[in-house]
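Readers should treat all values here as calculations from the given coordinates under stated rules, not as data from a laboratory. Please read all numbers here as calculations on a predicted model, not as lab measurements. Here Cβ is always computed from backbone atoms with ideal geometry, including for glycine, and neighbour counts include all displayed protein chains.
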Amino acid sequence: MFFEPSNGMRPSPLQHNPLNALVCPRPIGWISTVDARACVNLAPFSYFNAVSADPPYVMFAPNAASPEVEKDTFRNIIDVPEFVVNLVSMELAQKMNASSASFSSDIDEFDACGIEPAASTIVRPPRVKQSKAALECTLYESVQLPGGADGRKSHVVIGKVVGIHIDDDLIVDGRVDETRLNAIARLGYFNYAGLGEILEIRRP
Ligand SMILES: Cc1cc2nc3c(=O)[nH]c(=O)nc-3n(C[C@H](O)[C@H](O)[C@H](O)COP(=O)(O)O)c2cc1C
């Protein structure tokens, strides 16, 4: 089939927006932020990736909850322009998912979901203590994308990575062993995947 998104993202026979299942697997950035009163927030974003390795920059894309209401994560970053990307290993999948519920902005998802925080080194938002790697970031730029038909705004938030935590157990022979990080990937719908088979392919 072929369709043009300007006519809607669910043309027959598709019952759901197919993009999540087409552009996958996606890594998950589990993003911690604070608001101006230092109230902490934690939520997962799979429209997330690294955009530059050196100097290191990352991006994620919060979609507004409604035409009037931005996600807490986005509002916090505009108020306090710092965030932490906590990487999600397989054993953290359930807690990561629990933190995606629509809590009111004065609820700290660390408390609500039984997730232990650890102080960050440079930025104000805490990190997830159990995450085997975390990227402390400052806001570089936020880009607003044109709104969709439902009027909800989307943003791309680009962060400069100013501090990197790596669990020493991940480091083997001077390299991070991805199998020890065992990051979970987001697929379409409610599906997730582990690392699966790993191939080493040397460049020509
Ligand atoms: C695995 C996963 C990935 C998600 N990715 C995104 C995303 O990329 N963008 C987005 O706007 N919401 C995403 N969500 C939904 C948010 O996590 C959810 O709306 C959350 O309540 C936002 O919290 P906040 O209002 O505290 O920022 C995702 C949820 C899950 C479970």
Mind checking region 59-143 for trypsin sites (Lys or Arg not before Pro) that DSSP puts in a loop (not H, G, I, E or B) and that have at most 15 other Cβ atoms within 10 Å?
LYS129
Please get the size of the charge dipole for the chain, origin at its Cα centre, with Cβ charges of +1 on Lys and Arg and -1 on Asp and Glu, quoted in debye to the nearest 20.
420
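What translational diffusion coefficient, to the nearest whole µm²/s, does region 160-204 have by Stokes-Einstein, given a Kirkwood radius computed over alpha-carbon pairs, a temperature of 37 °C and 0.692 mPa s viscosity?
On the way: Rh = 13.3 Å.
Value of D from the Cα-based Kirkwood radius: 247 µm²/s.
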List the lysines whose Cα lies under 18 Å from the Cα of LYS153, skipping any in the same chain that are fewer than 8 positions away.
LYS71
Of ALA93, PRO67, LEU42, whose Cα points farthest to the positive end of the dipole of the chain (charges on the beta-carbon: +1 Lys, Arg; -1 Asp, Glu; origin at the Cα centre)?
PRO67
Positive end of the charge dipole of the chain (Lys, Arg +1 and Asp, Glu -1 on Cβ, about the Cα centre): tell me which of GLY148, SER120, ILE166 has its Cα farthest that way.
GLY148
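Taking 30 Å as R0, compute the FRET efficiency from the Cβ-Cβ separation of ASP54 and GLU91 and round it to 0.05.
Working: r = 30 Å, r/R0 = 0.99.
Rounded to the nearest 0.05, the efficiency is 0.50.
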Please state the charge dipole magnitude for region 104-204, taken about the Cα centre, from unit charges on C-beta atoms (+1 on K and R, -1 on D and E), reported in debye and rounded to the nearest 20.
420
Given the convex hull of the Cα atoms of region 10-60, what is a quarter of its surface area in nm²?
5.6
Okay, helix-only estimate at 222 nm for the chain: each DSSP H run of n ≥ 4 adds -39500 (n - 2.57), divide by all residues, round to 500 deg cm²/dmol; what do you get?
-2500 deg cm²/dmol
Evaluate the distance, in nm, between pseudo-label points positioned 7 Å from the Cα of LEU145 and of ILE78 along their respective Cα→Cβ axes.
1.8
Take the alpha carbon atoms of region 1-56, find their center, do the same for region 100-171, and report the distance between the two centers in whole angstrom.
14
Suppose every K and R has +1 on its Cβ and every D and E has -1 on its Cβ; what is the size of the dipole of region 25-102 about the Cα centre, in Debye to the nearest 20?
180
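Of all the stretches in the chain, which is the longest one without any exposed loop site, taking GluC sites (Glu not before Pro) in a DSSP loop (any state but H, G, I, E, B) with at most 11 other Cβ atoms within 10 Å? Let's see the in-between values first.
Details: sites that count: GLU68, GLU197, GLU200.
With GluC sites (Glu not before Pro) excluded where exposed in loops, the chain gives 69-196 as its longest stretch.
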Once you compute Rg and the Kirkwood Rh from C-alpha atoms, what is the Rg to Rh ratio for the chain?
0.97
In nanometres, what is the gap between the two model label sites at ILE164 and SER102, each 7 Å from Cα along Cα-to-Cβ?
3.8
Report the normalised scattering of region 28-105 as log10 I(q)/I(0) at q = 0.19 Å⁻¹, calculated by the Debye formula with identical scatterers on the alpha carbons.
-0.85
